[in-house]
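Remarks on the structure that follows.
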Amino acid sequence: KRFEKNQNSKIYDYLYSVGALIYLMEVAVYALLDSIYLGGISVYTAGLIGCAAITIIKTPINYFVFSGAQIFFIWLLYTFDYSNDFLVHNIINSSIFAITGMIMSKILYENQVDYLFKNLILEEVNQKMERLSNYDTLTELRNRRNFEEYVKKEFLYIDIVEEKGIVALMDIDYFKKVNDDYGHHAGDRVLKRVAKILSELVEEPSIVGRWGGEVFEIFFYNTSLD
């Protein structure tokens, strides 16, 4: 219930970024120990680059994550490792890697977003192409090719289980007169209306398709001729 209440809260947008910041701050603590006992900060620099490489954080939030971790690390150095002869050297090196991490994170995020965006567009185009190839654009019913493929597949299944199926063709009487008297726009409206009625009346797994022109086709699944 608490999640349902707060699922639209902005806090969920920042959990990933906050997690990355906490990770870098933990790495900074371990790096402080390295700096105290070994004089180096390789753990911290590796953590910065690793975080930049594996986390996808959008700009400018990634700037706050890396700069926040760097400020925290500098504070640790000044507070607990002020006597280290390499203090300034470590601060400069860590700052360089922090900036590098920011740049890497920005580039990776933009590339990832661009890649996902292109994939979404491609998927949408493929779905539209698939629908155009399988459905009639005017009536939104299955086209003749798709209808026949479906019926062939279902008739194979019907033959195996010894059920029955019927294919029926129907057309609209005097449809040419509708087009001649009222125009093709009115004829299109009639076709769409008939298609809607047939779709509502014929329930799955039976299907309706458009054969062509004013002719429709219906596959009555598991239905006898009578």
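Sort largest first and round to whole Å: the equivalent ellipsoid semi-axes of segment 87-134, each the square root of five times a Cα gyration tensor eigenvalue.
Working: eigenvalues 420, 4, 3 Å².
For segment 87-134, the semi-axes come out at 46, 4, 4 Å.
Residue 112: net charge of surrounding residues, Cβ under 15 Å, Lys/Arg +1, Asp/Glu -1, itself excluded?
Numbers: positive: 58, 106, 118; negative: 110, 114.
Neighbour charge sum, excluding residue 112 itself: +1.
Of all the Cα-Cα pairs you can form in segment 29-131, what percent are over 18 Å apart?
Working: 2854 of 5253 pairs.
Of the Cα pairs, 54 percent sit more than 18 Å apart.
Quick check: Cα centre of segment 184-204 to Cα centre of segment 93-126, how many Å?
47 Å
222 nm [θ] for the chain, helices only, -39500 (n - 2.57) per DSSP H run of 4+, per residue, to 500? Mind showing how you got there, number by number?
Numbers: 8 runs with 157 residues, N = 226.
It lands at -24000 deg cm²/dmol.
Using the heavy atoms of the protein chains alone and a 1.4 angstrom probe, what is the accessible area of the chain per residue in square angstrom?
Values: 15420 Å² over 226 residues.
With all protein chains present, the chain gives 68 Å² per residue.
If contacts are Cα pairs under 8 angstrom and at least 6 residues apart, what is the relative contact order of segment 34-148 in percent?
Values: 71 pairs, mean separation 36.5, N = 115.
Dividing the mean separation by the residue count of segment 34-148 yields 32 percent.
Measure nothing fancy, just the Cα-based angle from helix 87-134's long axis to the longest principal axis of the chain, in degrees from 0 to 90, nearest 10.
The angle comes out near 0 degrees.
If the label point is 7 Å along Cα→Cβ of residue 85, which residues in segment 23-43 have backbone nitrogen under 19 Å from it?
Residues 34-42 fall inside that zone.
How high is the relative contact order of the chain, in percent, counting Cα pairs under 8 Å that sit 6 or more residues apart? The partial results should precede the final answer.
Details: 214 pairs, mean separation 38.0, N = 226.
In percent, rounded to a whole number, it is 17.
If I model segment 106-226 as equal point scatterers sitting on the Cα atoms and use the Debye formula, what is log10 I(q)/I(0) at q = 0.10, 0.13, 0.15, 0.18 Å⁻¹?
Calculated log10 I(q)/I(0) at the listed q: -0.46, -0.66, -0.77, -0.96.
Keeping all protein chains in the complex and leaving out DNA, RNA and ligands, what accessible area do you get for residue 55 with a 1.4 Å probe, in Å² to the nearest 10?
Its accessible surface works out to 10 Å², give or take rounding.
Output the pairs from 128/164; 58/128; 128/152; 152/176; 118/152 with a Cα-Cα distance over 27 Å in this structure; if there are none, say none. Numbers along the way, then the final one.
Working: 128/164 34 Å; 58/128 30 Å; 128/152 24 Å; 152/176 32 Å; 118/152 36 Å.
From 128/164; 58/128; 128/152; 152/176; 118/152, over 27 Å: 128/164; 58/128; 152/176; 118/152.
Tell me the angle of helix 61-80 to the major Cα principal axis of the chain, expressed in degrees between 0 and 90 and rounded to the nearest ten.
Result, in degrees: 20.
Pop out the carbon and sulfur fraction of the accessible area of segment 87-183 as a percent, whole number, probe 1.4 Å. Could you put the intermediate results ahead of the total?
Values: 4230 of 7150 Å².
Of the solvent-accessible surface of segment 87-183, carbon and sulfur hold 59 percent.
So what are the three principal axis dimensions of the chain from its Cα atoms, in whole Å, longest to shortest?
98, 47, 35
Say R0 is 25 Å: what FRET efficiency, to the nearest 0.05, do residue 138 and residue 197 get from their beta-carbon distance?
Details: r = 15 Å, r/R0 = 0.59.
The computed FRET efficiency comes out at 0.95.
Can you pull out the GluC sites (Glu not before Pro) in segment 35-124 that DSSP calls coil and that have at most 13 other Cβ atoms within 10 Å?
none
Report the full-extension gain for the segment residue 46 to residue 215: residue separation times 0.36 nm, less the Cα-Cα distance, to one decimal in nm. Spell out each step's value before the answer.
Numbers: separation 169, 0.36 × 169 = 60.84 nm, distance 6.97 nm.
Net length gain for the segment: 53.9 nm.
Using only Cα atoms, tell me the angle between helix 42-54 and the longest principal axis of the chain; keep it within 0 to 90° and round to the nearest 10.
Value to nearest ten degrees: 10.
Taking Cα pairs under 8 Å and at least six residues apart, what relative contact order does segment 137-208 come out at, in percent? Before the final figure, lay out the partial values.
On the way: 25 pairs, mean separation 29.7, N = 72.
The normalised contact order for segment 137-208 reaches 41 percent.
The values are calculated or read from the model by the stated rules, or taken from the named source; none is laboratory data. Since the model is a prediction, treat every value here as computed from it, not as a measurement. Here Cβ is always computed from backbone atoms with ideal geometry, including for glycine, and neighbour counts include all displayed protein chains. Note: accessible area is taken over every heavy atom of the protein model, side chains too, but ligands, DNA and RNA are not part of it. Shrake-Rupley method; radii C 1.70, N 1.55, O 1.52, S 1.80 Å.
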